[in-house]
Amino acid sequence: MRTYFTCFIIFVSLWVYPQDEAVVLRFNEFLGYVKQYHPIAKQAQLTLSAGQAQLMKARGGFDPKIEVDYDRKEFKGSEYYDRLNATFKIPTWYGIELKGNFEQNDGEFLNASETLPDDGLYSAGVSMSLGQGLWINERMATLKRAKYFREQSKADRDLQINQILYDASLAYFDWLRAYKEVTIYNSFFENASVRFEGIKRRANSGDIAAIDTVEAKITMQNRALSLEQSKVTLMKRSLELSNFLWMDDEVPVELQDTVIPDTAIETDIDTTLEILGKPLDSFTVENHPKLKSLGYKIDGLRVDKNLKANKLLPKIDVEYNFLTQEPELINSFDTQQYKGGVTFRLPIFLRKERGDLKLAKFKLQDAKFELDNAEIALKNKIVAIYRELESFQTQNILVDEIVLNYQTLVAAEERKFSFGESSLFLINSRENKLIDAELKQITVQNKYYTAKAKLFNSLALNPKNL
């Protein structure tokens with residue numbers, strides 16, 4: 001309840017916050033909302049619930065059972081038969097079934113084998129399979145597969161949550177990039193406007209030629225055009241980000257104009273995605289959720305193969321039941337009074353069973369190939385991302401120095417212009433280079449952040465602190 005109230009207050013602030021003040025949506029807060037309220041994140045939890053339900057269903061195969069059969073026939077004043085057969089069965093693990101039974105028959109037209117004492121006949125015994133079904137049977141296989149499926153569903157849940165958080169992170173980074181571009185274009189548009197007003201005043205006083213005002217105005221208009229185009233891009237990125245914002249009652253949230261991204265998120269990314277302090281040699285590929293999922297899939301297929309192999313054995317079912325009229329007396333169960341039997345079945349050619357076994361082996365081998373391929377692909381992908389991150393760290397240092405040098409050139413050119421030693425054309429040329437450098441700086445930063453998100457995605461992490 002406390003979590004819902006906090007979320008409600010935060011999202012309400014996105015609408016009612018004063019228009020002249022900005023609300024910063026931090027990266028960790030954003031991903032926290034996504035993980036808790038996004039439909040796909042909730043759908044991932046359903047995967048785990050489905051695994052639990054499958055396991056409960058499989059365990060139901062070992063539930064004790066009560067069976068009651070009652071038949072009665074009367075015709076033309078004669079009671080043909082009145083049969084009651086009540087059975088209590090307890091299935092156990094190795095194809096063994098414990099059984100208690102009560103039979104009571106009456107009537108004028110019963111078979112001789114159905115004639116029982118007036119108070120009925122009690123029996124207690126056991127039935128089991130000595131060939132097919134002894135070491136593994138359908139109930140055992142279903143339960144084993146359900147256990148593996150439950151563990152597989154945990155890994156699949158982590159993969160689903162990781163994927164939606166990865167997609168949401170990319171949307172946030174694109175939104176941040178668009179916001180920074182708008183900030184850059186707005187800053188240079190304001191500079192161009194101030195410069196235009198100053199040149200216009202100097203032209204009116206006769207200090208410079210009037211034609212310089214035309215060039216200053218064109219520059220201001222170009223800056224205004226770029227600013228408008230960047231605002232359109234920011235609007236699109238904001239709407240894309242809104243796809244990941246939901247409230248607790250499954251109501252989507254549209255991001256308002258007063259909400260802005262956190263511009264200083266470099267260290268926050270590592271902490272939020274929980275990739276801080278994870279060098280390349282610290283990663284163990286065997287713990288990867290995707291490989292775990294494939295491993296549990298293989299375990300389930302191996303159970304299926306063993307079950308199919310067991311079908312090649314003959315089906316030999318034996319049953320033995322003690323009979324008594326007085327079940328309350330333990331010594332009334334006599335080995336000389338019993339009911340038992342043996343059933344034997346074996347197909348001559350076993351073509352169906354042999355075909356099923358071959359198909360099960362093919363499926364198992366296919367899954368193993370998939371696991372081997374996924375393992376090497378993951379290793380290479382993770383190594384490549386670590387190398388990419390190292391490169392982007394160097395690129396960020398270089399592009400920061402380039403931007404600083406262009407800023408120095410622009411400042412020097414403006415100073416020379418104020419002394420009449422430069423021209424408006426040179427200033428605009430320097431500024432265009434600076435704009436390109438700052439946009440490149442944003443692009444490199446965005447790629448750096450994206451590479452971190454790729455590392456998070458390749459490791460298939462499920463952050464615990466969100």
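For segment 169-244 and segment 361-421, compute the distance between their C-alpha centroids and round to whole Å.
Centre-to-centre (Cα) distance: 27 Å.
Which of the aspartates and glutamates could a cross-linker span from residue 315 if the Cα-Cα distance has to be under 13 Å and same-chain partners fewer than 8 positions apart are dropped?
353
Considering only Cα-Cα distances, which of the following residue pairs are longer than 24 Å: 290/452; 361/381; 231/452; 292/379?
Values: 290/452 19 Å; 361/381 30 Å; 231/452 27 Å; 292/379 15 Å.
Pairs exceeding the cut-off: 361/381; 231/452.
Testing the spin-label approximation: label points 7 Å from Cα along Cα→Cβ at residue 432 and residue 287. State their distance in nm.
5.4 nm
Taking only protein heavy atoms and a 1.4 Å probe, what accessible area per residue, in Å², does the chain have with all protein chains in place? Write down the numbers at each step before the final one.
Numbers: 26790 Å² over 466 residues.
Accessible area per residue: 57 Å².
Please go through segment 313-407 and write out the GluC sites (Glu not before Pro) that DSSP classes as loop and that have at most 11 other C-beta atoms within 10 Å. Write down the numbers at each step before the final one.
On the way: sites: 319, 328, 353, 370, 375, 388, 390, 401; in loops: 328.
Qualifying residues, ordered by number: 328.
Beyond a 18 Å Cα-Cα separation, which of these cross-linked pairs lie in this structure: 144/305; 278/454; 89/339; 147/368; 297/352?
Numbers: 144/305 12 Å; 278/454 14 Å; 89/339 16 Å; 147/368 20 Å; 297/352 24 Å.
Correct reply: 147/368; 297/352.
Taking chymotrypsin sites (Phe, Trp or Tyr not before Pro) that fall in a DSSP loop and have at most 16 other Cβ atoms within 10 Å as cut points, what is the longest piece of the chain between them?
Numbers: sites that count: 93, 94, 109, 135, 349, 419.
For chymotrypsin sites (Phe, Trp or Tyr not before Pro) (loop position, at most 16 other Cβ atoms within 10 Å), the longest site-free span of the chain is 136-348.
Just tell me which aspartates and glutamates come within less than 19 Å, Cα to Cα, of residue 73; anything on the same chain fewer than 8 places away is out.
82, 103, 106, 108, 114, 118
At R0 = 51 Å, how high is the FRET efficiency between residue 207 and residue 440 if r is their beta carbon distance? Nearest 0.05 is fine. Please report the intermediate quantities before stating the final value.
Working: r = 36 Å, r/R0 = 0.71.
Result of the calculation: an efficiency of 0.90.
How large a share of the accessible area of the chain, in percent, is made up of carbon and sulfur atoms when the probe is 1.4 Å and the other protein chains stay in place? It would help to have the intermediate numbers written out before the result.
Numbers: 14550 of 26790 Å².
Roughly 54 percent, rounded to a whole number.
In deg cm²/dmol, rounded to 500, what helix-only [θ] at 222 nm does the chain give when every DSSP H run of at least 4 residues adds -39500 (n - 2.57) and the total is split over its residues? It would help to have the intermediate numbers written out before the result.
Working: 9 runs with 281 residues, N = 466.
After summing the helix terms and dividing by residue count, I get -22000 deg cm²/dmol.
Using θ = phi - 60° and the Karplus relation 6.51 cos²θ - 1.76 cosθ + 1.60, list the HN-Hα couplings for segment 291-298 in order, rounded to whole Hz, with x at every Gly or Pro.
5, 4, 4, 5, x, 5, 5, 5
Compute the long axis of helix 27-37 from its Cα atoms, compare it with the longest principal axis of the Cα atoms of the chain, and write down the angle in degrees, 0 to 90, nearest 10.
Roughly 30 degrees, rounded to the nearest 10.
Note down the magnitude of the dipole of segment 337-439 about its Cα centre, charges +1 on Lys and Arg C-beta and -1 on Asp and Glu C-beta and zero elsewhere, to the nearest 20 debye. Don't skip to the answer; put the middle values down first.
Working: 16 positive and 16 negative charges, 352 e Å.
Dipole size: approximately 1700 debye.
Rounded if a/c is under 1.5, else prolate if a/b is larger than b/c, else oblate: which is the chain, with a ≥ b ≥ c the root eigenvalues of its Cα gyration tensor? List each step's numbers first, then the result.
Working: a/c = 5.00, a/b = 3.11, b/c = 1.61.
It is prolate, given that a/c is not under 1.5 and a/b is the larger ratio.
Could you compute the net charge surrounding residue 425? Neighbours are other residues with a C-beta less than 12 Å from the C-beta of residue 425; K and R count +1, D and E count -1.
Numbers: positive: 430; negative: 212, 215, 413, 431.
Its environment carries a net charge of -3.
Filter the trypsin sites (Lys or Arg not before Pro) in segment 55-107 down to the DSSP loop ones having no more than 14 other Cβ atoms within 10 Å, then list what survives.
Numbers: sites: 57, 59, 65, 72, 73, 76, 83, 89, 99; in loops: 76.
For trypsin sites (Lys or Arg not before Pro) across segment 55-107 that sit outside H, G, I, E and B with at most 14 neighbouring Cβ atoms in 10 Å, the list reads 76.
Report ³J(HN,Hα) in whole Hz for each residue of segment 80-94, in order, from the Karplus equation J = 6.51 cos²θ - 1.76 cosθ + 1.60 where θ = phi - 60°; Gly and Pro get x.
Rounded to whole hertz, the list is 5, 7, 9, 10, 10, 9, 10, 10, 10, 10, 10, x, 10, 5, 8.
The values are calculated or read from the model by the stated rules, or taken from the named source; none is laboratory data. Just so we're clear, the structure is a prediction, and the values are computed from it rather than from any experiment. Glycine also receives a Cβ, built like all others from the backbone with ideal geometry; neighbour counts cover every protein chain displayed. Ligands, DNA and RNA are excluded from the accessible area calculation, which covers all protein heavy atoms including side chains. Shrake-Rupley method; radii C 1.70, N 1.55, O 1.52, S 1.80 Å.
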